[in-house]
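Before any comments, here is the structure.
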Amino acid sequence: MVYHPVRRPTLEPAALGLDPQRIRSVQVATEDGLTLRGWHCVGAPRVEFAAAERPRFQAGLLYLPGRGGDRGYRLLEISQLIDAGAEVLLVDYRGYGDNPGRPSEPGLARDARAIWHLSQTLPGWSPAHTVLYGESLGGALAVQLAADLSDRQTPPGGLILRSAFTSMTEAARGYRRWLRWFIPAGWYPSLERISRVTCPLLSLHGTADDVVPYEMGQRLFAAAPNHARNQIPKEWIPFPDAGHNGLAVSHAPLLRVAVARFLERVAAAASLPSAGSSSD
C-alpha cells in the first residue's frame with residue numbers, strides 16, 4: 001500500500017535510448033550486502049530537454065525519489081535540475097527498477113547512507129558541495145540523512161525538500177483515513193528529526209497537493225532551524241496550483257530558478273574558508 005516500485009530487467013542508459021556519456025551507470029553496495037544500481041547524470045538526458053547553454057557546475061545533487069516508479073520516471077526532473085547547474089546522482093532504492101531486495105523503512109535508510117558514501121567518491125562532490133534533494137518519501141530519507149550527517153559535524157551543503165511530509169504516518173492517515181488501522185505510529189518521523197539539520201534548507205510545495213497537504217509541508221518547514229550553521233536562512237517557495245506529481249512539468253521554470261539560486265548560495269558558502277568546518 002505504501003511502496004509502488006516499477007520493476008525492469010535493465011535501466012542501462014543505452015537500452016533506454018539515452019546518451020551514456022551524459023548518464024553513466026553506477027552501482028553501490030549497502031551495509032546488508034545488496035548491490036544497487038543507478039545513474040550519475042552529468043548532462044541533460046535528451047538534447048531536447050537541455051537549456052540552450054548549460055550553467056556552470058554549482059553542486060552535486062543527490063536525488064532521493066518518491067515512492068513510485070523507478071529512476072526512468074525522473075528523466076524530465078533530472079533535466080530541470082541539470083539545467084539549474086547540478087550534476088545529479090540518482091540510485092534506485094532496493095526493490096525498485098533493476099535492483100534486488102524489498103523496500104522497508106530501515107532498508108531505505110541503509111540505501112540512502114550507501115548512496116551518500118558513493119556520492120563522496122565522485123569528482124568534486126565534497127560534503128560542502130553536495131545537496132540532498134528529497135521528493136515526497138525521499139524527503140523523509142533526506143531529512144534523516146541530513147540530520148545524521150549534521151550530528152557528525154559533516155552536514156551536506158544543502159537540503160531541498162520537494163512535497164515532503166511531517167511523517168509517513170500522518171500523511172498516509174490523512175490521504176486515506178482507513179489506513180489509520182494499518183499504518184504504524186512514528187513512521188518516517190521527519191518532524192522530529194528536522195530540528196537537527198544544520199545545513200541550508202529550501203522547501204518546495206504545491207498549493208494544490210492532494211497527497212501531502214500544503215499545510216503539512218509548512219509545518220515541517222516551521223520545525224526546521226531558521227538559519228543554517230553558516231547563517232543562510234531557510235526558504236519556503238510555494239508552487240501555485242501545483243499538485244503532488246508532475247510539478248517538474250507544470251512548473252518547470254519556477255523549479256529551475258528556485259534550485260539554481262539555492263545552488264548558487266551553497267556554492268558561494270562552500271568557497272568560504274570556514275565552510276564545512278565544525279566551528280561555523
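The values are calculated or read from the model by the stated rules, or taken from the named source; none is laboratory data. Here the structure is a predicted model, which means the values were calculated and not measured. Quick reminder, even Gly has a Cβ in these numbers, built from the backbone with ideal geometry, and neighbours come from all protein chains shown.
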**Request:** Answer yes if at least one residue in region 246-260 is modelled with pLDDT of 90 or more, assigned to a strand (DSSP E or B) and in contact with a helix residue (DSSP H, G or I) (Cβ under 9 Å, 6 or more places away or on another chain), and no otherwise.
**Result:** no
**Request:** Please enumerate the residues belonging to region 22-42 that are surrounded by 16 or more Cβ atoms within 10 Å (Cβ to Cβ), touching a Lys or Arg at 6+ places or on another chain (Cβ under 7 Å) and in a loop (DSSP other than H, G, I, E, B).
**Result:** Thr30, Leu34, Val42
**Message:** When you check Thr198 against the structure, is it modelled with pLDDT of 95 or more and of a type in the set (Ser, Thr, Tyr), yes or no?
**Reply:** yes
**Prompt:** Which one of these does Val212 not meet: (1) within 24 Å of Gly85 (Cα to Cα); (2) buried (at least 23 other Cβ atoms within 10 Å of the Cβ)?
**Reply:** (1)
**Request:** Could you please find all residues in region 215-236 being under 24 Å from Gly85 (Cβ atoms) and buried (at least 17 other Cβ atoms within 10 Å of the Cβ)?
**Result:** Phe221, Ala224, Ala228, Arg229, Asn230, Ile232, Lys234
**Pick from region 110-141, criterion among the aliphatic types (A, V, I, L, M) and farther than 24 Å from Arg8 by Cβ, ranking: surrounded by the fewest Cβ atoms within 10 Å (Cβ to Cβ)** = Leu122
**Request:** Look through Tyr96, Tyr73 and report the one residue that is under 15 Å from the mean Cα position of the chain (by Cα) and not basic (Lys, Arg).
**Result:** Tyr73
**Request:** Collect the residues in region 200-225 that are farther than 17 Å from Ile237 by Cβ and outside any helix (DSSP H, G or I), keeping them in residue-number order.
**Result:** Asp210, Val211, Pro225
**Prompt:** Arg229: among the basic types (Lys, Arg), touching a residue at least 24 places away in the same chain (Cβ under 8 Å) and part of a loop (DSSP other than H, G, I, E, B), yes or no?
**Reply:** yes
**Matching residues, region 87-117, being under 17 Å from Gly66 (Cβ atoms), outside any helix (DSSP H, G or I) and out of contact with any His (no Cβ under 8 Å at 6 or more places or on another chain)** = Leu90, Val91, Asp92, Tyr93, Arg94, Gly95, Tyr96, Gly97, Asn99, Pro103, Ser104
